[in-house]
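Working notes for the structure below.
The values are calculated or read from the model by the stated rules, or taken from the named source; none is laboratory data. These figures come from a predicted structure and were not determined experimentally. No Cβ is skipped: glycine too gets one built from the backbone with ideal geometry, and neighbour counts run over all protein chains shown. Each accessible area value is taken on the protein alone, full model and side chains, heavy atoms only, with ligands, DNA and RNA left out. Shrake-Rupley method; radii C 1.70, N 1.55, O 1.52, S 1.80 Å.
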Amino acid sequence: MMEDFNSETDSDYTSYWRDWFISSRGNEYFCEIDEEYLTDRFNLTGLNTEVPYYQYALDLVTDVFDLDADDDLREQIEKSARHLYGLVHARYILTTRGLTKMAEKYKKGDFGKCPRVMCDGHPLLPTGQHDIANMSTVRLFCSKCEDIYNPKSSRHASIDGAYFGASFTSMLFQVFPHLLPEKSTRRYEPRIYGFRVHASAALARWQGRFREETRTRLQEADVQVKYIEDDEDEELEDEEDEAQTVDSREAGRGDAASMDLGR
Amino acid sequence: MSSSEGAPESWISSFCSLMGHEFFAEVSEDFIEDDFNLTGLQSQVPMYKEALEMILDVEPEEDEDEEEEEEEEEDEDELLGDEKPPGYRRERRHARVASDLSVIESSAELLYGLIHQRYITSRPGIQQMLEKYEMQHFGVCPRVYCNGCKVLPVGRSDTPGQETVKLFCPSCQDLYTPPNSRFHSVDGAFFGTTFGCLFFMTFPDLDVGPRFDASLNTLSPTRSASIPSTVTTTTTTSAGTSHQPTSDTPRPVWPTEMNGVRTANFAPGLGEGKMYESRIYGFRVSERSRSGPRMKWLRMKPTDINQLDEMAYFKALQHYDNDGDAQMGGDSTQNAIANRKKAPMRRRRYPTDPMNINGAAA
């Protein structure tokens, strides 16, 4: 890695540190930060206390580094540069340009697919659970099931989550709501010799009631909640549900369960 | 030719050591040799007899014995014409070894898979899978809040050729695609729909709670500190669910078993504090927002596990209906009735109730 980098600077290439960083193995989740964004000091506020050898690292990232350093120091600066890039990256991907770049990568499926079977391989988005470095590694958010997963590859499992930040995914869908997938009520029903398992089925019924309660609550606030299945086969059931869940929670609860017993 | 094949490794163990077959247990020969266990498979597998012989490694030996005989017989055949059907059949099989070997091989794999589906629900089979499970041969759940809970291979269909093998996580009760693509060609029917749940009902004491306890504990205080609004909820719930025994949880009302499952082992990865909440700059996204949370239900679990006791609830409801005309909206009275009703009923149910699922599972 170091050698790659050395040969590049030695041969007088310019503005290639970021290119090299983006294209190196394991960094597939990152997008390239614009030169202008990096050179605007305002965007880097506070980072000088977070990153050792801040100035050198910044020089390296912006390809103006020309210090004659020994290998040890160089390696440390290189490490700092990666850390700095990550921290700036977390800020950059919340800007309009950054969001657009990440949305492109999302559409291409650069971040992998959701491992959950019922999500049918929905594309994922990288996210952090914290905005502070060294707290947790990067997670992958599926907008279809709204849950977070660990990356399956170990080379991604060591990336700091703070390089993407905890706000990124929510911000992306605030800015591009048309990218939101249709949600589905499909779920896995554990069965033994074809019979549903009571414990899981009871939980599923409870969750179904919870869903319908939320839906009614939101409907009262004029927010429509739609699931894919609503258009298809559950229309009738839905109307029944609505009629019966409106008056009281308890009635809805009894109804959902008795329908299941009848089947 | 056959001596080299027959010597060190059986077909079964070489099949199980193939790349991508790491999930399979080695079915014991006793199990296969019992015809009862193979009921109905004959119609599902082409070249059933040859496939079965291949699995049991009986064919090579037969071949060895027969080869000399066959040569003699072939001569006889020529003399006698087509009048000797057994000899003719042998000759056909001999010719098949070259051309149809791949067909028999794939039939054998199919047959082995179908036997495997039955074997892993039998007593020795499920025991063998337990060993594999405990050694984490099947991997862990990719979901962050399941904290690396070990998963189990299952199928979504019992008919071969429909779907590949999936992984069932007991902690979130959900199904995942194996991360490694070499499992994307393994048929899910070879594990079957029944195995996943039967396994956890057979071993109800298996701890499916969080495994990276240490790392979780170092993370959780800092997490709740950085997100002040969840301090109360995260700390209480993690104290309640992440530490293993339920006996010292802050909720004495929890029964140790509910619906046939230990409450401590029932979907420990779900519920408040174990769900992802989308936030922007630390503020939760409102559910009224267009991009607000819509899938919370999928990872929810009642904070009071008693809400899943539907029997108690129905009893209370019936009693309530018989009593007649109290107001439906009166939540407090109804809960009071439910609680009053629940307590004696559970006491009654555990020792003697013939419907007791817990007794049957243990």
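Figures for the structure shown
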{"item": "Any hit, the range B:109-121, residues being free of Cβ contacts under 8 Å to residues at least 40 places away in the same chain and either touching a Pro at 6+ places or on another chain (Cβ under 8 Å) or under 20 Å from residue A:199 (Cβ atoms) (or both)", "result": "no"}
{"item": "Selection from the range B:142-169 of residues that are more than 9 Å from chain A (Cβ to nearest Cβ) and open to solvent by less than 10 Å² (accessible area, probe 1.4 Å)", "result": "B:146, B:149, B:151, B:152, B:153, B:155, B:165, B:169"}
{"item": "Residue check for residue A:90: modelled with pLDDT under 95 and small (Gly, Ala, Ser)", "result": "no"}
{"item": "Residue in the range B:119-129 that is open to solvent by 20 Å² or more (accessible area, probe 1.4 Å), closer than 30 Å to residue A:136 by Cβ and more than 14 Å from chain A (Cβ to nearest Cβ) present", "result": "no"}
{"item": "Subset of the range B:303-312 [facing chain A (nearest Cβ under 7 Å) and either open to solvent by 10 Å² or more (accessible area, probe 1.4 Å) or not in a helix (DSSP H, G or I) (or both)]", "result": "B:307, B:310"}
{"item": "Total residues in the range B:170-192, condition aliphatic (A, V, I, L, M) and more than 9 Å from chain A (Cβ to nearest Cβ)", "result": "2"}
{"item": "Residues of the range A:124-138 classified as within 7 Å of chain B (Cβ to nearest Cβ) and buried (at least 24 other Cβ atoms within 10 Å of the Cβ), total", "result": "0"}
{"item": "Filter result (in contact with a Cys (Cβ under 8 Å, 6 or more places away or on another chain) and more than 30 Å from residue A:154 (Cα to Cα)) within the range A:13-54", "result": "none"}
{"item": "Tally of residues being basic (Lys, Arg) and modelled with pLDDT of 95 or more across the range B:96-122", "result": "1"}
{"item": "Candidate set from the range A:196-231 (those that are open to solvent by less than 20 Å² (accessible area, probe 1.4 Å) and within 30 Å of residue B:122 (Cβ to Cβ)); member that is farthest from the other protein chains (Cβ to nearest Cβ)", "result": "A:201"}
{"item": "Number of positions in the range B:170-185 that are within 23 Å of residue B:208 (Cα to Cα) and either out of contact with any His (no Cβ under 9 Å at 6 or more places or on another chain) or open to solvent by 10 Å² or more (accessible area, probe 1.4 Å) (or both)", "result": "10"}
{"item": "Qualifying positions in the range B:125-148 - free of Cβ contacts under 8 Å to residues at least 12 places away in the same chain and not charged (D, E, K, R)", "result": "B:127, B:135"}
{"item": "Residues (touching a residue at least 40 places away in the same chain (Cβ under 8 Å), in a helix (DSSP H, G or I) and more than 7 Å from chain B (Cβ to nearest Cβ)) located in the range A:166-190", "result": "A:168, A:172, A:175, A:179"}
{"item": "Sole residue being more than 9 Å from every other protein chain (Cβ to nearest Cβ), open to solvent by 30 Å² or more (accessible area, probe 1.4 Å) and aromatic (Phe, Trp, Tyr), chosen from A:163, A:193", "result": "A:163"}
{"item": "Output for the range B:280-302, where each listed residue is surrounded by fewer than 20 Cβ atoms within 10 Å (Cβ to Cβ) and in contact (Cβ under 8 Å) with a residue 40 or more places away in the chain", "result": "B:282, B:284"}
{"item": "Pair list, Cβ under 9 Å, 6 or more apart: the range B:27-40 residue open to solvent by 40 Å² or more (accessible area, probe 1.4 Å), other residue of a type in the set (A, V, I, L, M, F, W, C)", "result": "B:28/B:12; B:29/B:12; B:29/B:55; B:29/B:56; B:33/B:56"}
{"item": "Conditions (1) within 10 Å of another protein chain (Cβ to nearest Cβ); (2) within 21 Å of residue A:19 (Cα to Cα); number of the one not met by residue A:102", "result": "(1)"}
{"item": "Count of the range A:106-120 residues which are open to solvent by less than 30 Å² (accessible area, probe 1.4 Å) and either at the interface with chain B (Cβ under 9 Å from one of its Cβ atoms) or assigned to a helix (DSSP H, G or I) (or both)", "result": "7"}
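Residue by residue, here is whether (1) open to solvent by less than 20 Å² (accessible area, probe 1.4 Å); (2) touching a residue at least 12 places away in the same chain (Cβ under 8 Å); (3) farther than 26 Å from residue A:168 by Cβ; (4) in a helix (DSSP H, G or I) holds:
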{"residue": "A:28", "(1), (2), (3), (4)": "no, yes, no, no"}
{"residue": "A:51", "(1), (2), (3), (4)": "yes, yes, no, no"}
{"residue": "A:82", "(1), (2), (3), (4)": "no, yes, no, yes"}
{"residue": "A:87", "(1), (2), (3), (4)": "yes, yes, no, yes"}
